[in-house]
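Student: Have a look at the structure that comes next, please.
Read-outs throughout are calculated quantities, based only on the coordinates presented, and are distinct from any laboratory measurement. Because the structure is a prediction, the values reported are computed rather than measured. We place every Cβ from the backbone using ideal geometry, glycine too, and count neighbours over all the protein chains shown.
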Amino acid sequence: MGFLDRFLNKPSWGVHPDDHKRPGADVPLRVLPTPERVYMPLSQHVGGAARPIVLVGQKVLKGQLIAEAQGNISAPIHASVSGTVTAIGDVTAPHPSGLPFKAITIDSDGLDRWVANPLADPFSVAPEEVARRAALGGVVGLGGATFPSAVKFALGKRLKVSTLIVNGGECEPYLSSDDRIMRDFADQVVDGARLVMYAIGASEALVGIEDNKPEAIAAMRKAAEPYPEVKIRPVPARYPMGSDKQLIQTLTGKEVPSDARAAEVGVLVHNVSTCAAVHKAVRLGQPLVERIVTINGGAIANPGNVFVPLGTMIGEVLAFVGLKEAPSRLILGGPMMGTPLLHDRIPIVKGASGILAFNAAEAMVPEAGPCIRCGSCTKACPMGLLPLEMAARIKVGDLEGAEAYALQDCISCGCCAYVCPSHIPLVQYFSHAKGELTAAERTKLRTEATKRLAEAKAARIERENREKAEAAARRKAERDAAKAATAAPPVTTEKQGVSA
């Protein structure tokens, strides 16, 4: 057994929670009937919100561009149904705050008429064209980060990345949407991975799949058989194996520095669902307008995975699978890193890998006790941090002290809180502290900017006053010179002559 094999089988970090993936993961994929109305948020990605290019009353086709990207880091939005634009206004954001954000409302005509621009042989065009088509298709990271994929393509190309890592870890409990896409659409995932490799110039792809997904591993191995450059690599089922840095270290032995990007060590990571979306956008000309969403939790009558048009209200998806009881808690994503939701009147967005509807027992939060300094959180932390030291400083308001313990390297995975015998909400501490530090940094930057503006204004006023004084002095000197010239007696020359 080689060094890498030993490393793969014995990760020293993380936790192994009950995964709660089955039986939902084994239920055949269902397709949600076309909703009567969808709400397409303009901000479904990292970066600037998309800008609407349609008007109320306009007819649109499924896949038609309805909002264009703004700025270097942004992604376009496309209609997920064919129909009529009926409003451009606010809907509730998938965020604990419940604040509104802008969305385009489309009433479906029930026909799902597509607009698409297929490309028969993407490998016959320039790599830049593949990246361009992915960008035009609105493809973003579907593992949760929602970073525009084409931006990562450009970074990988510029830094000459040699290895693409395809993330099929899906380590979050309850979730199985990536598992299903590998089982049901393995050919799409492999083709998408090859297209990404072609776009960035990588020579190999390592597909990391947790070993608790044997059906996905078998399907992916079969799909990758004709392509020796695509290698399927089972990895231990241990949370948070699906985190980029942990998967990179497990598969390659490379450690990404805290202040560096993965591409700087020759690696680029894309999720399996993202690769399938690249396949559709590039080869089929179909932009990202639908995705597989896991619907799971104790309140769900028929848990499983559903193919859902983006913009569908969560309540409609829950009604489709059925509820045993009113959920005590709704979560977008997984239980470890997901986003708590205030209600189900929120649209499905590109990053929605799952909707969890917990019953009262699952939603119960134990009361926190005092830290007993057992060190369990330190052992579990996949980033090698000291959560108990950071939490102790945050608790007394010493945010700078927590920052000195590399608080900003925390990936908010929740391992520390999961293993804490005192049930201390460590992740909330760290998220709060990072938010406060970010706000303080912004305030500092605003203060410095205001100071620079004030100093520039004072310098400008001083310069203008000096220039005015100098101009006034010149004018006075000119006037004085003119007066002096006027007051002086004229100088004349008389001719002497002889009188008659």
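Student: Would you pull out the residues with amide H under 5 Å of V15's amide H, same chain only if 5 or more places away, H placed 1.01 Å from N?
Tutor: Y239
Student: Mind putting together the pair-distance distribution for segment 3-147? All Cα pairs, 5 Å bins, whole percent per bin, short to long.
Tutor: Bin by bin from 0 Å, the calculated values are 2, 8, 12, 15, 16, 14, 11, 10, 7, 4, 2, 1, 0.
Student: Given Cα positions, please report Rg to Rh for segment 311-402, the hydrodynamic radius being the Kirkwood one.
Tutor: With Rh from the inverse mean 1/r over Cα pairs, Rg/Rh is 1.11.
Student: When the chain is fully extended, how far beyond the present Cα-Cα distance does A487 get from A404, taking 0.36 nm per residue of separation?
Tutor: On the way: separation 83, 0.36 × 83 = 29.88 nm, distance 7.89 nm.
In short, 22.0 nm is gained.
Student: May I ask you to compute the full-extension gain from H16 to D112, defined as 0.36 nm times their residue separation minus their alpha-carbon distance, rounded to one decimal in nm? List each step's numbers first, then the result.
Tutor: Numbers: separation 96, 0.36 × 96 = 34.56 nm, distance 4.26 nm.
Value of the extension gain: 30.3 nm.
Student: Counting pairs of alpha carbon atoms under 8 Å apart in space and at least six apart in sequence, what relative contact order in percent does the chain give?
Tutor: On the way: 1039 pairs, mean separation 81.7, N = 500.
Relative contact order for the chain comes out at 16 percent.
Student: From the residues V125, S162, F185, which one has its Cα farthest along the dipole of segment 104-233 in the positive direction, the dipole being from +1 and -1 charges on Cβ of Lys/Arg and Asp/Glu about the Cα centre?
Tutor: S162
Student: Taking the 0 to 90 degree range and rounding to the nearest ten, how far is the long axis of helix 186-200 tilted relative to the main principal axis of the chain, both from C-alpha atoms?
Tutor: Tilt of helix 186-200: around 30 degrees.
Student: Same structure again: How would you classify segment 195-241 from its alpha-carbon gyration tensor, with a ≥ b ≥ c the square roots of the eigenvalues: rounded for a/c under 1.5, else prolate if a/b is greater than b/c, otherwise oblate?
Tutor: oblate
Student: Between R158 and E229, take the C-beta separation as r, use R0 = 30 Å, and let me know the FRET efficiency to the nearest 0.05.
Tutor: Efficiency, rounded to the nearest 0.05: 0.90.
Student: Go through the cysteines of the chain and tell me which have no other cysteine Cβ under 4.7 Å away.
Tutor: Those would be C171, C275, C371, C374, C381, C410, C413, C415, C420, since no other cysteine Cβ in the chain comes under 4.7 Å of theirs.
Student: Next up: To one decimal place, what Kirkwood hydrodynamic radius in Å is obtained for the chain from all pairs of distinct Cα atoms?
Tutor: 25.7 Å
Student: Helix 426-487 against the longest principal axis of the chain: what's the angle in degrees, Cα atoms only, rounded to the nearest 10?
Tutor: 10 degrees
Student: May I ask you to list the residues of segment 127-170 whose amide nitrogen lies under 18 Å from a point 7 Å from Cα along the Cα→beta-carbon direction of Q70?
Tutor: Once the point is set 7 Å along Cα→Cβ of Q70, 138, 148 turn out to lie under 18 Å by backbone N, inside segment 127-170.
Student: Here's another thing I want to ask about it. What nm distance separates the two modelled labels at D211 and L342, each placed 7 Å from Cα along Cα→Cβ?
Tutor: 4.6 nm
Student: In addition: Would you work out if segment 300-340 is rounded, prolate or oblate? Take a ≥ b ≥ c from the square roots of the eigenvalues of the alpha-carbon gyration tensor; rounded if a/c is under 1.5, else prolate when a/b is larger than b/c, oblate otherwise.
Tutor: Cα axes put segment 300-340 in the oblate bin.
Student: Can you work out the base-10 log of I(q)/I(0) for segment 278-359 at q = 0.21, 0.22 1/Å, using the Debye formula on its C-alpha atoms alone?
Tutor: Values returned for q = 0.21, 0.22 Å⁻¹ are -0.89, -0.96.
Student: What area, in nm² and to one decimal, does the C-alpha convex hull of segment 263-307 cast on average over all directions?
Tutor: Directional mean of the projected Cα hull area for segment 263-307 stands at 5.2 nm².
Student: Please report how far the C-alpha centroid of segment 324-343 lies from that of segment 251-318, rounded to the nearest whole angstrom.
Tutor: 18 Å
Student: A further question on this structure: Grab the DSSP H runs of the chain that are 4 residues or longer, score each as -39,500 (n - 2.57), total them, divide by all residues and round the 222 nm result to the nearest 500 deg cm²/dmol. Numbers along the way, then the final one.
Tutor: Details: 15 runs with 177 residues, N = 500.
That calculation yields -11000 deg cm²/dmol at 222 nm.
Student: Within segment 96-112, find all residues whose amide N lies under 11 Å from a label point positioned 7 Å from the Cα of E36 along Cα-to-beta-carbon.
Tutor: Under 11 Å, as judged by backbone N against the label point of E36, lie 108 of segment 96-112.
Student: Find the eigenvalues of the gyration tensor of the Cα atoms of segment 368-464, then list the square roots of 5 times those eigenvalues as equivalent ellipsoid semi-axes, largest first, in whole angstrom.
Tutor: Here the semi-axes work out to 40, 11, 9 Å.
Student: Ok, one more. Among C377, C275, C420, what is the fewest-to-most ranking by other Cβ atoms within 10 Å?
Tutor: C420, C377, C275
Student: Still on this structure, please answer the following. Below 8 Å, C-alpha to C-alpha, sequence gap of six or more: please give me the relative contact order for segment 148-307 in percent.
Tutor: 32 percent
Student: Is the shape of segment 230-302 best called rounded, prolate or oblate, per the rule: a/c under 1.5 gives rounded, else a/b larger than b/c gives prolate, else oblate, with a ≥ b ≥ c the square roots of the Cα gyration tensor eigenvalues?
Tutor: It comes out oblate by the Cα gyration axes.
Student: Specify the angular offset, from 0 to 90 degrees and rounded to the nearest 10, of the alpha carbon long axis of helix 214-224 from the longest principal axis of the alpha carbons in the chain.
Tutor: The answer is roughly 70 degrees.
Student: If I model a spin label at A218 and E441 as a point 7 Å from the Cα along the Cα→Cβ vector, what separation in nanometres do I get?
Tutor: With each label point 7 Å from Cα toward Cβ, the separation is 4.8 nm.
Student: Relative contact order (percent) for segment 66-130, with alpha-carbon contacts under 8 angstrom and 6 or more residues of separation?
Tutor: The value is 27 percent.
Student: Any chance you could check the Cα centroid distance between segment 123-170 and segment 173-235 for me, in angstrom?
Tutor: Going from one Cα centre to the other spans 15 Å.
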